[in-house]
1. At 222 nm, what helix-only mean residue ellipticity would the chain give, in deg cm²/dmol to the nearest 500, using -39500 (n - 2.57) for each DSSP H run of four or more?
2. So, in Å, what gap is there between the alpha-carbon centers of the stretch 238-298 and the stretch 490-534?
3. Computed FRET efficiency, Cβ-Cβ of residue 243 and residue 410, R0 45 Å: what is it to the nearest 0.05?
4. When the label point is put 7 Å from the Cα of residue 186 along its Cα-to-beta-carbon vector, which residues of the stretch 211-238 have a backbone N closer than 16 Å?
5. Pairing the Cα long axis of helix 93-106 with the longest principal axis of the chain, what angle in degrees results, from 0 to 90 and rounded to the nearest 10?
6. Would the stretch 173-273 count as rounded, prolate or oblate if I go by the C-alpha gyration tensor, calling it rounded below 1.5 in a/c and otherwise prolate when a/b exceeds b/c, oblate otherwise?
7. Normalised by the empirical 2.2 N^0.38 Å for globular proteins, what value does the Cα Rg of the chain take?
8. So how much slack lies between residue 102 and residue 402, counting 0.36 nm per residue of separation and subtracting their Cα-Cα distance, in nm?
Ligand code: GLN
């Protein structure tokens, strides 16, 4: 038997309490003490993965190195831990049922009635234990999606109950995250919702070992004692999780509350080595006390829901800190951008990012935004569809191919400058069939982007079906837009740039999936640097104009 220890994180009272951040913060503290830790997310919905979900439903779809389309919490896990996750780190009810049904058809259960208990719960338990065994982790933290009491998460809760029994108390523990609301009218913090939610877990046969209480205000001793007594946990196992100004402060707050020590003590693991958090604290200091400030516009069509662009906004946080710069990210709806209002919408920005996406809604606004950045020498980063928009814009307005387009938007365009990849042509099934995951990209040493990366061969993650049409490459290069990164095996264009421009880069891949707190992504770092350059130049011009004005007086 492997000696991996398992921690389960459940949530109660309401969703969106930040189970992912608590899990990632605890994992960070344990990792910083020298433990090999990973985090897994179990999602109770029937989709086999979130790849087919609209971002409005579920936020961003995060892509792992091995090409799994996963929940956005995996992004937090990677950003906090700096270690890659994989397909095994995200399991949905759909995937569980799919494999049980496949086994049934194969005859693995021949003669038996296949049921939620034991077959579905056994499959869930196997998926949980597989992660620990396969990669030899000391500790696996498994976050159960949804809220305790939801019908759809019942099989997960039952699996946790069984695993607790199978593994024994020192090998497994349950952390339950709840909310302690503050009622301004009575000036009190209320523990009743927590008590109810713990009762619900107890009804399912689980006594939580640790309670993490989300709160706006500091918990009083009274509240802590009350929760401990009525929820049947030790006083030291009641942990406060107060609202933080940045998610990256949460590991330090959890350390203050001794969450890591409590957990290690319960799991009978040594806690003598103090967490090594020096670089993390250094990052936080740069984040909280910036020297510069820039305004960057994120042009996309899902902007009403910021979670749809989670990895991009976090990448800016990392790259901002690396540059000691506050990045004010402004979400701009591409459907609202027109030739007439573009100056008013984008004119004040120090950088413009055109976001990834699918389908034609809002596409013309994205193309206009790319053109605006090109013509006004504003630092520009186009990611995936954003890069494709920059290519279409260049074709239409520099090459004069008026109706140029991606065949995703117009199948009959006379100038298909972006076209469906050859390998995609026979694909009819939508789920999990894009070009997904990490592929190599060779960078031209003479390019600007090489200066950012400082290496020739990089590996970046993908999620797309369309690509730059190499038939037009010569035309683009002659007119000043150059392909400076290629897949060495297939020649697929991975990076386009305009050398004459201050900073104009389009990438077919998604750099945002690889940016972490301690390793900010070079493309974002360099983009923010260029934005600082423009912002300072604008300031110098303003100062100059001011001096001239004063001289006249
Ligand atoms: N829709 C485009 C494609 O499939 C871009 C995808 C994306 O931005 N992730 O190629």
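Every read-out reported here was derived from the displayed coordinates using simple, explicitly stated rules and does not represent laboratory data. Predicted model only: the values in this text are computed from it and were never measured. FYI the Cβ positions are ideal-geometry reconstructions off the backbone, even for glycines, and counts take in every protein chain you see.
1. Details: 18 runs with 207 residues, N = 553.
Mean residue ellipticity, 222 nm, calculated: -11500 deg cm²/dmol.
2. Comparing the Cα centres of the stretch 238-298 and the stretch 490-534, I get a distance of 28 Å.
3. Given R0 = 45 Å and the Cβ-Cβ separation, E is 0.45.
4. Counting backbone N atoms under 16 Å from the label point, the list is 220, 222-224, 226-227.
5. Here the helix axis deviates by roughly 80 degrees.
6. Working: a/c = 1.98, a/b = 1.17, b/c = 1.70.
Since a/c reaches 1.5 but b/c is at least a/b, the shape of the stretch 173-273 is classed as oblate.
7. Relative to the rule-of-thumb radius for its length, the chain sits at 1.06.
8. Details: separation 300, 0.36 × 300 = 108.00 nm, distance 5.07 nm.
Additional length available on full extension: 102.9 nm.
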